[in-house]
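Contents: one structure, followed by commentary.
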Amino acid sequence: MEKRQNKQRQNRAGDRAPGAGEEEREELDERVVDIARVAKVIKGGRRFAFRTVVVVGDNKGRVGVGVGKSRAVPDAIRKGTDRARKNMKSVSLSGSTIPHEVTAEHGGAEVFLKPATPGTGVIAAGGVRAVLEAAGVRDILTKSLGSANVLNVIQATLKGLHRMKNVEDQARARGKDVSELLPFWSRKKHA
């Protein structure tokens, strides 16, 4: 009985071996893109809270977006980060860029994504840049059309990335060589 009580005291005191029972969290790129004050109208007036939009990615082709709401900003950021980690999905990349052009819409926002030659950089702003950099895209041209609502622009960018088709799968389906479907700047390297 005494041994069990001593063991419980040790566990409560935090005398466990470092790393025991702790899950290793992978290194992820977390970016808070937007913090907005929102209001809920109730009988006694307005109740204010905060909505945060967080983008999480591993810079290797996986990215997710989460929205968190809370009365305090740190809690909203934590909730958004947790949701973004749960919503992470893989996207198809072609080296440091995307395999092909794509246009995606969400709500009133429309985003056009176009592959670019190595060394171009990420030509994007705001939410589009955050999503692309977290996904691991290093060279891309983008244009945001329509609504400038940050949340809708981010969702449209995600839709576009998830629509990307894998070059190898498309070449197999069309009965062509992979080098025929690659952009001109990557054909020399692949051949």
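Among Val56, Val102, which is the only one that is in contact with a Gly (Cβ under 6 Å, 6 or more places away or on another chain), aliphatic (A, V, I, L, M), under 30 Å from Pro115 (Cβ atoms) and at pLDDT below 95?
Val102
Just checking, does segment 106-127 include any residue being farther than 30 Å from Glu180 by Cα and of a type in the set (D, E, K, R)?
no
Going by the structure shown, is Glu180 farther than 19 Å from Val55 by Cβ, acidic (Asp, Glu) and out of contact with any Leu (no Cβ under 9 Å at 6 or more places or on another chain)?
Here the answer is yes, as Glu180 does meet what is asked.
So Ala116 fits all but one of (1) under 18 Å from the mean Cα position of the chain (by Cα); (2) surrounded by 19 or more Cβ atoms within 10 Å (Cβ to Cβ); what number is the exception?
Here Ala116 meets the rest and fails (1).
When segment 36-81 is examined, which residues are found to be basic (Lys, Arg) and either loosely packed, with under 10 Cβ neighbours inside 10 Å or in a strand (DSSP E or B) (or both)?
Once the filter is applied, which keeps residues that are basic (Lys, Arg) and either loosely packed, with under 10 Cβ neighbours inside 10 Å or in a strand (DSSP E or B) (or both), segment 36-81 yields Arg37, Lys40, Lys43, Arg46, Arg47, Arg51, Arg62, Lys69.
Kindly indicate whether any position in segment 83-90 is surrounded by fewer than 18 Cβ atoms within 10 Å (Cβ to Cβ), among the polar types (S, T, N, Q) and either part of a strand (DSSP E or B) or at negative phi (or both).
yes
Given Gly126, Gly107, Gly146, Gly80, which one is under 19 Å from Val53 (Cβ atoms) and in the same structural domain as Lys60 (by TED's automatic domain parsing)?
Going through Gly126, Gly107, Gly146, Gly80 in turn, the sole match is Gly80.
I'm trying to understand the selection: among the residues of segment 151-191, which are surrounded by fewer than 16 Cβ atoms within 10 Å (Cβ to Cβ), of a type in the set (S, T, N, Q) and at pLDDT 80 or above?
Asn166, Gln170
The values are calculated or read from the model by the stated rules, or taken from the named source; none is laboratory data. Everything numeric here is computed off the predicted structure, so don't read it as measured data. Please note: Cβ atoms are built from the backbone with ideal geometry, for glycine as well, and neighbour counts cover all protein chains shown.
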